[in-house]
Structures are given as C-alpha cells and as structure tokens.
Amino acid sequence: MRKLNLLSILAFVALVILPACQQLEPDVFDKPSSTRLSEFLEEIRTTLSSEQYGWTLDYYPGSKYSSVTYALSFTDQKVTACVEKKPTETETSTYALKTDDGPVLSFDTYNKILHAYATPDSKKYQAKGGDFEFEIRAFDKENKVITLIGKRSRNTCTLRPLTKPAEEYFAGVKSFERSITVPAAAATIDGKEIELYIDNGIRSITIGEKDAPKDSLQTVRYVLTENTFRFSKPFKVGDVEFSEWTYDPANETLNGSGITFVKFIPAGYITYEQYLGKYTFYYYNASRSFPVQLVEEEAGLSFRMVGFSTYFEPILTFNGGRGRLDWVKQTIGGSGSLEYILAPWDTNAGYLTWMDEVGLVGSVEDNTVEDFVVTFADNGVWEDHKASGWLVWSMNGDSSAGAVSSWTTATGSYQVPGDLSMQKIKE
C-alpha cells in the first residue's frame, strides 16, 4: 500500500506541475507545422521549376548495380528525364511533392527512364533496388543542392542545378570517363600505404591499407561529373576525409584533400575487352572440356557465357578494379512455383548452397599472353565450405526442391564438377 500511495502522490504532482511548465514555454514557431511543411514543398517546387537547364540527379540503386546520373527538367507538375547513357532519349511524366511523415518527392506516374531500376520483371522480381519516392532531407539554398533519401534503398541521392543543356553535360562526362586509365592507385596517408581499386562497372572504389583483410576495407560508390569523381557520401581514410576527387590524365593520378594517388596495375590484370571472345572451358579437374564464348551483357559490367548450356547462359560480372571475373549464385529460370538456380557446389565435401553472393572468382596469373588462362576459385563468402563447381538446382521459396536434371549443361548433366578454368583461344 505504501508503494501504491507514493506512486499516486507522484502522479498527482505531475498532473499539477506539467501543465504549468508547458504554459511557461514560449512558442518556437509562429505557424502550424502543416503550414510550414506546405510552404517548404512549394519552395522546393518553385526552385525545381526555375532552373533553365534543369537538374542532375546522382542516383544510387541497389548495391550490385551501377550508380547513374539523370538529367531532370521540371515544370509545376511534370518532369522530363534522360539518363547519361542515352542523353537524347527523354520521357515526360508527372511528379508530386507531398507529406509522408515529412516532405517527399515522388515520381508518381510510370516513366520508363526514371523507373528503370525500380520496376520488377520476370527475371528481377525485386527490380534493381531503385527508388521512385524520396524523402527530402536537406535543402542548401545557397548552392541549390537538394539531398534525398530513397524510401526503399535508404541510399542518399542528390539534386544539383545544370549549367548547360543535358546532352552537352553528358558529353563532357563521357569524355572524362574515357580519359580515366587507372584501375588501381596508391598513396601514403598518416605514414601508411593505402591502395584503392576502381570498379568502373558499378562505379565504386574499394580502399584501405595495403594487404589488409577484406573486411577492413571500405567500399564507396561514386558518380562522374565532367571533371571529378563525386562520392555518394564523405568517407575517411585515417584522419583525411574525401568527398570528391579530380583526375590528372597526363600523370594518371587521382587527387583530393591534398592527397595524390598514383596509378599502378594489379598483378594479372585483364581488361573487359580482353575477356570478350572464345574459350575452352575445363572441368572435372581439367580432364574434360567444352567450348564457350564470353559476350557482352552490359558494356563494361558483365558477360554472358554462351555455350555453357542450351537452357540458360550464366552471367559473369567484371571487377574493373582488379581485372577479374565474379561468378556467383544466380536465378536462371523456373517452372510454376519453382525457381531454377545455378547453385555453388563444394565438390570435395558434397555440399551445395543457395546463399546469395557465394560463388567463384576468376583471375589470370599471366596476362602477357593472348591465350591466357582464367582460373576459378572460391570467393570466400561461403563459411566452412569452398565452392568449386556448379549444380542446376530448384527452389520452392526458401526450401530446396532438388536437382533440375532435365536442364543439362554442356557436360551432359545438371552437374559441372570442379575445379574449373578456361583458356582464351587466339583469333
């Protein structure tokens, strides 16, 4: 009873005191929050529609896909968009500025350009991790920079005014991109040797101390302007913070925050173009083989392996920073409720997995010859096991549904036993 009485007294005192305290606090704003928010959105609308040449949008979809730059031109209700890879193709749709626990910019009617990364299809039911609705997080009035957060991806995207027509601007970006010949670079920061690798395919850099373990490295995404690398967010190496780099094509150096990174070529580096072509693919400890060909899937980013199977063609991605191939678990088809996958297989222990990002990395030891050999090895993602081959497998949701024995590969079976390699054919 004593405890109950004390709590009752404290509750009574709170009821008496709190209203008095609230009455003593001054009014911080002279307008209701709903009015202030409405006025802010109208200010954003006026700002967006007032720029003669429109805006660039630094756009970051899901982490496995390349960052891109859009050019957007606004009126009071409509937006016209193009993207840097196809600056002459435009599409117009509506947009909305609305409230949803805060100010939101929404591209609310379908636009094949703006929705390209956010629209699912039969092969990518989760699309490419893109957004068409963005929280407005900041508005730098002096520089007219609008910071957005994708509602689904939570990636930061940025609107900046264009100072020239979009087609002219993107021509400058393309020219700058072609001038960059640095796959990797090094510098000394705080007395430590720092190396970075540029993955131009998905526009990211991986940076950290030389020979440091993989989990201690940073990966930061970027877009290209007419003369700089602009990062998705500021990052630090030691005590030095970077947000943007320039590139000196004459000296092949990257420069930012007083630091100069000098180009080097990683051991065994092979360019995207060098990988294109015909190969002899070896399996079953190199005792058996069949012909394949790597053809362009997405320029500078990925390949299709033609000849691996008559039912599907695996996708291999290009690691531009290290000149390697990444070949991971992937969906290759389906039937009814079943999803068919190319599953990593530990051929020595007899285990398979359907975990994303598990697979093989293909590297070249001797890049001085035309008929170089690509050797595939486990990529280190699968704990307690090492991938060395492939199985054509089926999944029912998250559950294994067994081998797809009818979908044979060039081995004559749904199995591709390791260890795997392939040798380039001179042409």
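The values are calculated or read from the model by the stated rules, or taken from the named source; none is laboratory data. Just so it is clear, the structure is predicted and the values come from calculations on it, not from any experiment. Ideal geometry is used to build each Cβ from the backbone, glycine not excepted, and the neighbour counts take in all protein chains shown.
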Next item on the list: Within segment 302-309, identify whether any single residue is under 24 Å from residue 219 (Cβ atoms) and buried (at least 19 other Cβ atoms within 10 Å of the Cβ), and answer yes or no.
Entry: yes
Item checked: Check on residue 261, surrounded by 13 or more Cβ atoms within 10 Å (Cβ to Cβ), over 24 Å from residue 200 (Cα atoms) and of a type in the set (A, V, I, L, M, F, W, C) -> no
Next item on the list: Go through segment 376-390 and give me each residue that's within 15 Å of residue 351 (Cα to Cα) and crowded, with 21+ Cβ neighbours inside 10 Å.
Entry: 387, 388, 389, 390
Check: For segment 162-173, does any single residue satisfy the condition of being of a type in the set (Lys, Arg) and outside the structural domain of residue 141 (by TED's automatic domain parsing)?
Finding: no
Check: Got a sec? Which strands (runs of 3 or more DSSP E) wholly within segment 157-256 have at least 2 residues that are under 27 Å from residue 302 (Cβ atoms)?
Finding: 184-189, 192-199, 204-209, 218-224, 228-237, 240-248
Notebook entry, point to check: Looking only at segment 326-360, which residues are part of a strand (DSSP E or B), within 22 Å of the chain's Cα centre (by Cα) and acidic (Asp, Glu)?
Noted result: 326
Check: So which residues in segment 382-427 are out of contact with any strand residue (DSSP E or B) (no Cβ under 8 Å at 6 or more places or on another chain) and assigned to a strand (DSSP E or B)?
Finding: 399
Next item on the list: Pull up segment 160-201, narrow it to residues that are touching a Leu at 6+ places or on another chain (Cβ under 7 Å) and of a type outside the set (Asp, Glu), then point me to the one that is surrounded by the most Cβ atoms within 10 Å (Cβ to Cβ).
Entry: 185
Next item on the list: Specify which of the listed residues (262, 292) is more than 30 Å from residue 219 (Cα to Cα) and of a type in the set (A, V, I, L, M).
Entry: 292
Check: How about segment 313-325: which of its residues are surrounded by 19 or more Cβ atoms within 10 Å (Cβ to Cβ) and either in a loop (DSSP other than H, G, I, E, B) or acidic (Asp, Glu) (or both)?
Finding: 314, 320, 321, 322, 323
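So that you can scan it fast, the table gives a plain yes or no per residue for (1) modelled with pLDDT under 95; (2) more than 17 Å from the chain's Cα centre (by Cα):
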{"site": "198", "(1), (2)": "yes, no"}
{"site": "223", "(1), (2)": "no, no"}
{"site": "230", "(1), (2)": "no, no"}
{"site": "240", "(1), (2)": "no, yes"}
{"site": "249", "(1), (2)": "yes, yes"}
{"site": "261", "(1), (2)": "no, yes"}
{"site": "267", "(1), (2)": "yes, yes"}
Notebook entry, point to check: Are any residues in segment 269-316 over 22 Å from residue 369 (Cβ atoms), within 23 Å of the chain's Cα centre (by Cα) and hydroxyl-bearing (Ser, Thr, Tyr), and if so, which ones?
Noted result: 302
Next item on the list: Answer with yes or no whether residue 278 is of a type in the set (D, E, K, R), closer than 30 Å to residue 316 by Cβ and assigned by TED's automatic domain parsing to the domain that holds residue 296.
Entry: yes
Note to self: Suppose we filter 300, 268 for residues that are in contact with a helix residue (DSSP H, G or I) (Cβ under 9 Å, 6 or more places away or on another chain), touching a residue at least 12 places away in the same chain (Cβ under 8 Å) and not in a strand (DSSP E or B); which single one remains?
What the structure shows: 300
Checklist line | residue 408 vs. criteria surrounded by fewer than 17 Cβ atoms within 10 Å (Cβ to Cβ), more than 28 Å from the chain's Cα centre (by Cα), in the same structural domain as residue 338 (by TED's automatic domain parsing) and free of Cβ contacts under 8 Å to residues at least 12 places away in the same chain | finding: no
Notebook entry, point to check: Within segment 278-289, is there a residue that is surrounded by 14 or more Cβ atoms within 10 Å (Cβ to Cβ) and without any contact (Cβ under 8 Å) to a residue 40 or more places away in the chain?
Noted result: yes
Checklist line | Residues located in segment 45-61, provided they are closer than 26 Å to residue 222 by Cβ and surrounded by 17 or more Cβ atoms within 10 Å (Cβ to Cβ) | finding: 47, 48, 51, 54, 55, 56, 57, 58, 59, 60, 61
Checklist line | Test: residue in segment 136-144 that is touching a strand residue (DSSP E or B) at 6+ places or on another chain (Cβ under 6 Å), in contact (Cβ under 8 Å) with a residue 24 or more places away in the chain and buried (at least 21 other Cβ atoms within 10 Å of the Cβ) | finding: no
